[in-house]
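Engineer: Attaching a single structure in structure tokens format; questions to follow.
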Amino acid sequence: MNKSTTVDIFTLNHIILWIIIGYVYPNKYYMALFLSLLWEIFERFIVYNKPIYNFVKKYWPVPEKYWNEINKNSLIDICVNMIGYYIGSYINKKLI
């Protein structure tokens, strides 16, 4: 497994993406949590499935250190996603 940090540049991407999702689809917290968990499971699947891992490593433009991450980073990603989603939902509620 590649060494990864708990918080990286993609953490910022997560929060921005989920602010947008929260704004567009407000107050659907179970859906947001489900999609966050599903994505992290998908990332685990990529890492532990050798043929897919080799394919993604060869063709995916995102460096491996960002998707072959430690479990702690997956948990942080889910928390950041939900914080971003809350912010987006909050902005939607205040503006509309």
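Engineer: Which one is surrounded by the fewest Cβ atoms within 10 Å (Cβ to Cβ) among residues in segment 17-73 that are hydroxyl-bearing (Ser, Thr, Tyr) and over 14 Å from residue 85 (Cα atoms)?
Structural biologist: Of the residues in segment 17-73, the ones hydroxyl-bearing (Ser, Thr, Tyr) are 23, 25, 29-30, 36, 48, 53, 59, 66.
Imposing the further condition that a residue be over 14 Å from residue 85 (Cα atoms) reduces the set to 48, 53, 59, 66.
Working: 48: 10, 53: 16, 59: 7, 66: 18.
Looking at the filtered set, the residue picked out is 59.
Engineer: If you don't mind, there's one more thing I want to ask. Please go through segment 67-96 and pick out each residue that is among the hydroxyl-bearing types (Ser, Thr, Tyr) and over 16 Å from residue 20 (Cβ atoms).
Structural biologist: Selection gives 74 alone.
Engineer: Next up: Which members of segment 40-67 meet the condition of being in contact (Cβ under 8 Å) with a residue 24 or more places away in the chain and either over 18 Å from residue 11 (Cα atoms) or of a type in the set (Gly, Ala, Ser) (or both)?
Structural biologist: 47
Conditions (1) part of a helix (DSSP H, G or I); (2) hydroxyl-bearing (Ser, Thr, Tyr); (3) touching a Ser or Thr at 6+ places or on another chain (Cβ under 9 Å), marked per residue:
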site	(1), (2), (3)
10	yes, no, no
27	no, no, yes
76	yes, no, yes
80	yes, no, yes
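Engineer: Looking at residue 20, is it of a type outside the set (Asp, Glu) and within 15 Å of residue 89 (Cβ to Cβ)?
Structural biologist: Details: of a type outside the set (Asp, Glu): yes; within 15 Å of residue 89 (Cβ to Cβ): yes.
For residue 20, the condition - of a type outside the set (Asp, Glu) and within 15 Å of residue 89 (Cβ to Cβ) - is met.
Quick note: the coordinates plus some simple rules give every number you see, no bench work behind them. These figures come from a predicted structure and were not determined experimentally. Note: ideal-geometry Cβ built from the backbone for every residue, glycine included; neighbour counts use all protein chains shown.
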